[in-house]
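Peer 1: Mind looking over this structure? Questions follow.
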Amino acid sequence: MHTTNDTGPATPIDPAPAGPPPRSPILRVLENTIMNVLAAAGLVCIVLVIWAFVGNYSLIMFKTGSMSPTIPQGSLARVHQIPASEISVGDIVTVDRETGRPVTHRVTEVHPRADGHALIAMKGDANPNPDPGMYRVAEVREVVWHATGLAKGVVWLANPYVLGTITICASLLVLWAFWPRSPRIRE
């Protein structure tokens with residue numbers, strides 16, 4: 001847009017900048033930092049899921065104190081599936097019982113069989129007596145690592161209301177991150 005006046009040539013007039021004023025540099029740095037931290041956390045989650053799948057790792061929660069004080073009630077443990085041939089006395093392993101509920105106790109006896117199975121006797125560290133009978137297993141899940149008190153957090157995260165809230169917040173964050181922004185005018 002040009003204007004003319006009686007005293008000279010036409011001079012350009014800059015229109016007023018449209019849109020909101022530019023954000024402060026501190027806000028931009030904070031926004032970028034938060035997005036980078038969340039992206040890194042997402043990448044770590046993806047790597048852990050792939051690692052758990054490829055390495056045959058899973059998590060179990062201890063609902064009882066039968067393995068106290070070694071693994072107290074409310075602990076979360078990472079377990080790794082191993083064949084019966086690798087079971088040793090003293091290992092803490094999880095086996096599936098015929099009743100459907102798994103049990104995690106310390107191995108007290110191992111009797112390998114020719115067919116690749118093993119008969120194992122187990123006892124919880126806090127239990128006065130060994131488990132009744134022996135378990136015939138082809139593979140077990142060996143406890144590799146445990147953390148006291150984390151099971152409560154996993155149970156809380158599994159609550160449908162918590163999962164729904166996390167899903168909605170993640171969706172809003174993605175929407176916010178990809179929402180078209182007005183062009184910034186630099187002076």
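Peer 1: For volume of the Cα convex hull per residue in Å³, pick the label among [x] 178; [y] 189; [z] 119 that corresponds to the value derived from the coordinates.
Peer 2: It is the one labelled [x].
Peer 1: With runs of 4+ DSSP H residues as the only contributors, calculate the mean residue ellipticity of the chain at 222 nm using -39,500 (n - 2.57) per run, divided by the residue total and rounded to the nearest 500. Don't skip to the answer; put the middle values down first.
Peer 2: Working: 3 runs with 58 residues, N = 187.
Taking each H run of at least 4 residues, the total per residue is -10500 deg cm²/dmol.
Peer 1: Turning to a different aspect of this structure: Could you give the length gained by full extension between residue 44 and residue 96, i.e. 0.36 nm per residue of separation minus their alpha carbon distance, to one decimal place?
Peer 2: On the way: separation 52, 0.36 × 52 = 18.72 nm, distance 3.05 nm.
That pair, residue 44 and residue 96, stretches by 15.7 nm at full extension.
Peer 1: Let me ask something else about it. Please turn the phi angles of region 59-72 into ³J(HN,Hα) values with the Karplus equation 6.51 cos²θ - 1.76 cosθ + 1.60 (θ = phi - 60°), one per residue in order, whole Hz, x for glycine and proline.
Peer 2: Going residue by residue, I get 10, 10, 10, 9, 8, 10, x, 5, 9, 5, x, 4, 10, x Hz, with x marking Gly and Pro.
Peer 1: Just name one of 180, 100, 52: the one whose Cα is farthest towards the positive end of the charge dipole of region 40-187 (beta-carbon charges, Lys/Arg +1, Asp/Glu -1).
Peer 2: The one lying farthest along the dipole's positive direction is 180.
Bear in mind that the values in this text are calculations on the coordinates, not laboratory data. Predicted model, so just to flag it, every value in this text is computed and none were measured. Please note: Cβ atoms are built from the backbone with ideal geometry, for glycine as well, and neighbour counts cover all protein chains shown.
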